[in-house]
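**Q** Pasting a structure below so you can have a look.
Computed from the coordinates by the stated procedures, all read-outs in this text should not be read as laboratory data. Since this is a predicted model, take the numbers as computed values, not measurements. Backbone-built Cβ (ideal geometry, glycine too); neighbour counts: all protein chains shown.
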Amino acid sequence: MGEFAIRVIGLGLGVLALAASTSDGGGGDKMPGEACSGDEECVEGSICFNEFCVGDGVLRFTLAWSVDSDFDLHVMTPRGSHIYWQSTTGDGGTLDVDQCVSNCSAGSHVENVVFTESAPLGQYQYWVENFNGRSAGPFTVSVSGVGLTIPPLGETLPATSGAVSATYVIEYR
Ligand SMILES: [Ca+2]
């Protein structure tokens, strides 16, 4: 299993405050997980990503995929909190959108772990599991934090229940 590090640099407290004041988009009435076609349709503090509202904050991990399969996003915080469908909160982070839990069709799907107010500094690991293995297909995970966005990274998971991706690592500092 491959593993690589992405060093996120230039994140400081001053920038944190700036981002917090500029990410209050939305203003609509659609909650995270509801379909959208633009940021303005989503409730304050959330954005429209890949056709669904997702919570936004100082740090956000957003999974996107399109095949009919229950892909799951996993995030491990620097303090060892494992945030995923069975444990949806930890260290200020929340899994606020979990799709294709029992069934879904081919189309846009997202899953989102967001740290709304603050996020512990240090290394975050994240990976994706094809939980039910119904279909093989590609995914991307976009990481966005404090005015900085890491280009979406991903790979293709096989149609195998429990198949997991590489573990991706970022340092948030
Ligand atoms: Ca899922």
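**Q** Would you point out the residue of the range 142-161, among those that are in a loop (DSSP other than H, G, I, E, B) and not charged (D, E, K, R), that is nearest to the chain's Cα centre (by Cα)? Can you show your working first?
**A** Kept after step one, since they are in a loop (DSSP other than H, G, I, E, B), are these residues of the range 142-161: 146-147, 154-155, 158-161.
From what is left, the residues that are not charged (D, E, K, R) are 146-147, 154, 158-161.
Numbers: Val146: 15, Gly147: 16, Gly154: 12, Pro158: 21, Ala159: 22, Thr160: 22, Ser161: 21 Å.
The residue in question is Gly154.
**Q** Collect the residues in the range 101-135 that are more than 12 Å from the chain's Cα centre (by Cα), under 15 Å from Val54 (Cβ atoms) and not hydroxyl-bearing (Ser, Thr, Tyr), keeping them in residue-number order.
**A** None; the set is empty.
**Q** From the list Thr140, Thr156, Thr88, which residue is surrounded by fewer than 19 Cβ atoms within 10 Å (Cβ to Cβ), in contact with a strand residue (DSSP E or B) (Cβ under 7 Å, 6 or more places away or on another chain) and closer than 23 Å to Ser37 by Cβ?
**A** Details: Thr156 fails: closer than 23 Å to Ser37 by Cβ; Thr88 fails: closer than 23 Å to Ser37 by Cβ.
Matching residue, one of Thr140, Thr156, Thr88: Thr140.
**Q** Of the numbered conditions (1) touching a Ser or Thr at 6+ places or on another chain (Cβ under 9 Å); (2) within 19 Å of Gly107 (Cα to Cα); (3) away from the ligand (no atom under 15 Å from the Cβ), Ser37 fails exactly one; give the number of that condition.
**A** Answer for Ser37: the failing condition is (1).
**Q** Quick one: what pairs do we get from the range 55-81, first residue over 14 Å from Val169 (Cα atoms) and among the charged types (D, E, K, R), second assigned to a strand (DSSP E or B) and more than 10 Å from the ligand (Cβ to nearest atom), C-beta under 7 Å, 6+ apart or different chains?
**A** Between residues of the range 55-81 that are over 14 Å from Val169 (Cα atoms) and among the charged types (D, E, K, R) and residues that are assigned to a strand (DSSP E or B) and more than 10 Å from the ligand (Cβ to nearest atom), the close pairs are Asp56/Ser46; Asp56/Ile47; Asp56/Val114.
**Q** I've got another one for you. Please give the number of the condition Glu117 fails out of (1) in contact with an Asp or Glu (Cβ under 9 Å, 6 or more places away or on another chain); (2) assigned to a loop (DSSP other than H, G, I, E, B).
**A** (1)
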